[in-house]
Amino acid sequence: MRIGFLVGGQLGNLKETVEWASANGFKALEINARPGSPLIDPEKILKRGAGEVKKILKGKDVIISCLTWCPNNMDPNLKVRRRNNEHVKKMIEAAVELDVPVVSTWIGRVPGSLDKNMEVYAEVWPSIVEHAEKHDIKIAIENCMGNIAHSPYIWERMFKIIPSKNLGLNFDPSHLIFQFIDYLEAVRRFGSRIYHTHCKDTEVLWWRLSWVGYTGEGWWRFRIPGLGDIDWKRFISALQDQGYDYVLSIEHEDPVYHGVEGFREGLIIGLRHLSQFLP
């Protein structure tokens, strides 16, 4: 496995980001490839090619593990939905040019019940998955509460509707902790669908939870790996048991380590913690 991190421009341009990652022992970058991204803009890659990016990476022992952008791919506004879907397809095409095997995004959501969301998913997502199949790219859905694909129960329904092996997960255990879902059992059940991982921790503030209850606010927060409640040794072991041998991508959303210097410091703390569990 390689340890990397998700970045969207916090460390400067792509060259500066790669140089910092390489100098500090990181082996992979998950790039936010949103429209107009200052690091990798899929539209520019499709127009100009990937030569400049590959030149920056040459000799650095740092790979681009994933292109990521997480919009609402089922936006109720059909114009916005089409725009989002088309950009995800451009990410897929750009990933081919860059020799990046994985693209990560959200399923999205619409107002209403889970059944209603599954109906819209069955309408919207087949064409995106077919595009990924055509280009031999894996789509990894992040299991964030910001979209409908936030629990194992829903993943089962997703993969039953679209069984394609090109559709899987960007597995982030931090989003399962505050739902009281067993993240280790989820790895065991869906190991074959995990195509990328987000290493973000969650700290449950039990003193606060006991006061406001689980419907209250402020009783959990995201942390750097090792500063929350996730057992990273067991998590990594569970991934290995399922045959996962790709990237552990630190997603830094820790409110304690803020600003550019906090971003760097938090990433290095995460790297040190995760490294002890790898050969």
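Could you please let me know if ASP75 is in a loop (DSSP other than H, G, I, E, B), more than 18 Å from the chain's Cα centre (by Cα), without any contact (Cβ under 8 Å) to a residue 40 or more places away in the chain and surrounded by 18 or more Cβ atoms within 10 Å (Cβ to Cβ)? When the stated conditions are applied, ASP75 passes them.
Determine whether ALA50 is over 25 Å from GLY270 (Cβ atoms), out of contact with any Gly (no Cβ under 7 Å at 6 or more places or on another chain) and at pLDDT 95 or above. Against the criterion (over 25 Å from GLY270 (Cβ atoms), out of contact with any Gly (no Cβ under 7 Å at 6 or more places or on another chain) and at pLDDT 95 or above), ALA50 qualifies.
Number of residues in the stretch 1-18 that are crowded, with 16+ Cβ neighbours inside 10 Å and either farther than 22 Å from ILE194 by Cα or touching a helix residue (DSSP H, G or I) at 6+ places or on another chain (Cβ under 8 Å) (or both) equals 11. Among the residues of the stretch 86-119, those that are in contact (Cβ under 8 Å) with a residue 12 or more places away in the chain, under 23 Å from GLU156 (Cα atoms) and surrounded by fewer than 21 Cβ atoms within 10 Å (Cβ to Cβ) comprise VAL110, PRO111, LEU114, MET118. Cβ-Cβ contacts under 7 Å between residues 6 or more apart (or on different chains), taken from a first residue in the stretch 3-27 that is in contact (Cβ under 8 Å) with a residue 40 or more places away in the chain and more than 11 Å from LEU57 (Cα to Cα) to a second residue that is among the hydroxyl-bearing types (Ser, Thr, Tyr) and buried (at least 16 other Cβ atoms within 10 Å of the Cβ), are listed as GLY4/SER65; GLY4/SER249; PHE5/SER249; LEU6/THR68; LEU6/SER249; LEU11/THR17. When each of PHE190, PHE171 is tested for being in contact (Cβ under 8 Å) with a residue 24 or more places away in the chain and within 14 Å of the chain's Cα centre (by Cα), the lone residue that passes is PHE171. Sub-6 Å Cβ pairs linking a first residue in the stretch 230-243 that is touching a residue at least 40 places away in the same chain (Cβ under 8 Å) to a second residue that is among the acidic types (Asp, Glu), at least 6 apart or interchain, are ILE230/ASP201, ordered by first then second residue. Only one of the numbered conditions (1) surrounded by fewer than 19 Cβ atoms within 10 Å (Cβ to Cβ); (2) out of contact with any Leu (no Cβ under 9 Å at 6 or more places or on another chain) is violated by ILE154, and that is (2).
The values are calculated or read from the model by the stated rules, or taken from the named source; none is laboratory data. Here the structure is a predicted model, which is why all the values come from computation and not from measurement. Backbone-built Cβ (ideal geometry, glycine too); neighbour counts: all protein chains shown.
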